[in-house]
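See structure below.
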Amino acid sequence: MDEPTAQNWEERDRSHLIHPFLPADRKDRVVIVSGEGCRLTDARGRSYLDATAGMWLCQVGHGRREIAEAAADQLRRLEYSTVFWDFTHDRAIALAERLVRLGGVPGRRVLFTGGGSEGVEVALRMARGYHHRRGAADRTWILTRSAAYHGAGYASGELSDFPAYTTGFGPHPGQVHRLSAPYPYALGQPPERVTDLLLQELEAAIAEIGAHRIAALIGEPVLALGGMVAPPPDYWPRVAQALRRHGILLILDEVVTAFGRTGAWYAADRMGVRPDLTVLSKGLTSGYFPLGAVLADEAIAGVLDSHEGFPAGHTYSGHPTGCAVALANLDIIEREGLLAAADRAGALLGEGLGGLRELPRVGEVRQYGLMAAVEIVQGHGRREPLPEGTYALADRIRDRTGVLVRGGPRALTLAPPLVISDAEVAEAVAGVREVLTETRTHT
C-alpha cells in the first residue's frame with residue numbers, strides 16, 4: 001500500500017478502535033496487512049520477523065493455504081451448528097477424539113470454548129461444581145500463583161497476578177489465595193531448593209485455609225507472560241502429589257504451552273504430571289480461528305455430566321469452522337514434525353540468547369522448548385527489574401530492527417512460530433542484541 005493509504009488506516013484506527021493496554025497519548029499505529037511464514041507486513045510495506053507468533057499462538061506460521069481451504073470447505077458445507085443439549089456435529093466429535101488421543105489418557109472428555117480466558121472460567125466452574133455435586137460445597141477456594149496470567153475475565157483476571165485486570169473493576173469474586181511461583185531467579189534461590197520451599201508454603205496455605213475449603217490449584221506449566229519460567233523438574237509431580245493427598249484438583253492452564261510450544265503436544269506429558277482439568281486454546285488453531293477447549297479427567301467429567309448435565313456453554317462452543325481449522329492445524333504440526341522442530345529451534349534460540357549474558361542489563365536467559373526470555377535488570381550484580389518493565393525495550397527492538405518480541409514486567413520474551421528457520425533465529429537474536437548493546441551506557 002502507498003503512504004497516503006497507510007496514513008488513512010492509522011487515522012481511522014485512532015478514531016474507531018479501543019486497544020487493550022494502549023495509553024491514550026500514544027498515537028502511533030502498526031497496521032498489519034499480511035503475513036507469510038514467520039513474516040508480517042504492515043500497511044507501509046515494512047516487513048517484521050514475528051518472534052512472538054502473534055500472541056504465542058501461530059505454531060504453523062502465517063498464511064497457510066491448507067488451513068484457509070479447510071475453513072472455506074467447512075463454511076460451504078456447514079458454517080455453524082450448536083453443541084448444546086443433544087445437538088452435535090462431526091467436526092466437534094473428531095476434534096474431541098483427537099485431543100484426547102494426543103494426550104494418551106483414554107476417558108477424558110472435552111468441552112469447547114471460544115478461547116483461553118473463557119476456558120479458565122469454565123474450568124473454575126467445573127472444579128467447584130465437581131466438589132458441590134459430591135457433597136463438598138465448602139470447597140470453593142482457588143489457589144493461584146504469583147507472576148501468573150490466566151485471562152481477562154472477572155474470575156480469570158483475579159487469578160492473574162497483574163493489577164491492571166482488577167484495579168477499578170471490583171467487587172471481585174474473592175476466595176483466591178496466591179502462592180509463590182517456581183521462579184528461582186526472582187526468589188533468589190538455587191533451583192534445587194525451590195520445590196522444597198514451595199511445597200512447604202503450599203502445605204502451610206492448605207493448613208491455614210483448610211483442605212476441606214479448597215477446590216483447586218491452577219497454574220501454567222511454564223509461566224508465559226510472567227517471563228517464560230520453567231519450574232524445576234520435580235515441581236509439578238510433587239505439587240500434584242500433595243494436592244491429590246488433600247483432595248484438591250489440579251487445573252493446568254496450557255493455553256500457551258500446548259500443541260508443540262514445549263516440544264510436546266501437552267507440557268504436562270513432558271513434565272510427568274496428570275492434571276484433573278486442562279485449559280487449551282492459542283496453538284489449537286494457530287490463531288486461524290478463535291477456539292479453546294477444556295479437557296476433563298474421566299472422574300471429573302462423569303460427575304459433571306450426571307443428572308441435569310453441566311450448566312455452562314457459549315454460543316460459539318464447538319464452532320464447526322473452528323474445529324475444522326483446528327484439525328487442519330494439527331495435521332500440519334504432525335505431518336511436518338513440528339514438535340521436534342520446536343525443541344531444535346528452541347535450543348538454537350537459547351544458545352544464541354545465552355551470549356547476551358555478558359551485557360550489563362541481562363540478569364538471566366531462559367529457554368524451554370520454543371519459549372525463551374531475557375531477564376532485564378538494572379545493572380550487573382543487581383537482580384531488581386526495571387521499574388517500568390521491558391515494554392519500551394520491546395518497542396525499540398521492533399522499531400530499530402523489525403524483530404517482534406514481547407515486553408513484560410521483568411523480561412523480554414520470544415516464542416516464534418514452530419516453523420522458524422535457523423537464519424530467522426539468528427536474526428531474532430541479533431535484533432535483541434543490537435538494542436540491548438545500545439542501552440549498555442544507560443545502566
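The values are calculated or read from the model by the stated rules, or taken from the named source; none is laboratory data. A quick note: this is a predicted structure, and the numbers were derived from the prediction, not measured. Cβ placement follows ideal geometry from the backbone for every residue including glycine, while neighbour counts extend to all protein chains displayed. With ligands, DNA and RNA removed, areas are computed over all heavy atoms of the protein, side chains included. Shrake-Rupley method; radii C 1.70, N 1.55, O 1.52, S 1.80 Å.
Below, the figures for the structure above:
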item	result
Of all DSSP beta bridges in the chain, antiparallel share, percent nearest 5	65
Computed lengthening from Glu334 to Asp73, 0.36 nm per intervening residue step minus Cα-Cα distance	91.9 nm
Prolate/oblate/rounded label for the chain (Cα gyration tensor, a/c 1.5)	oblate
The chain - percent of accessible surface contributed by carbon and sulfur, probe 1.4 Å	53
Three-way shape label, the stretch 94-152, alpha-carbon gyration tensor, a/c 1.5	oblate
In the stretch 347-381, GluC sites (Glu not before Pro) in a DSSP loop with at most 10 other beta-carbon atoms within 10 Å	none
Cβ-defined net charge surrounding Gly63, 10 Å radius [Lys, Arg +1; Asp, Glu -1]	+2
Exposure rank, largest accessible area first [Thr113, Thr82; 1.4 Å]	Thr82, Thr113
Per-residue SASA entry for Arg344, accessible area with 1.4 Å probe, Å² rounded to 10	130
Neighbour cut-off at most 14 other Cβ (10 Å), DSSP loop, GluC sites (Glu not before Pro), the stretch 37-94	Glu79
Net charge contributed by nearby residues that have their C-beta within less than 11 Å of His19 (K/R +1, D/E -1)	+2
Helix-only CD estimate at 222 nm, as mean residue ellipticity for the chain, using -39500 (n - 2.57) per DSSP H run (n ≥ 4)	-12500 deg cm²/dmol
Rounded, prolate or oblate (a/c below 1.5 giving rounded, otherwise prolate when a/b exceeds b/c) for the stretch 1-141 by Cα gyration tensor	prolate
Relative contact order [Cα under 8 Å, 6+ residues apart], the chain, whole percent	20
Highest to lowest packing among 194-204, 407-417, scored as the average C-beta count within 10 Å	407-417, 194-204
Solvent accessible area, Å² - Val256, 1.4 Å probe, full protein context	20
Under 10 Å, Cβ to Cβ, from Gly283 - net charge with Lys/Arg +1 and Asp/Glu -1	+1
Accessible area in square angstrom per residue, the chain, 1.4 angstrom probe	43
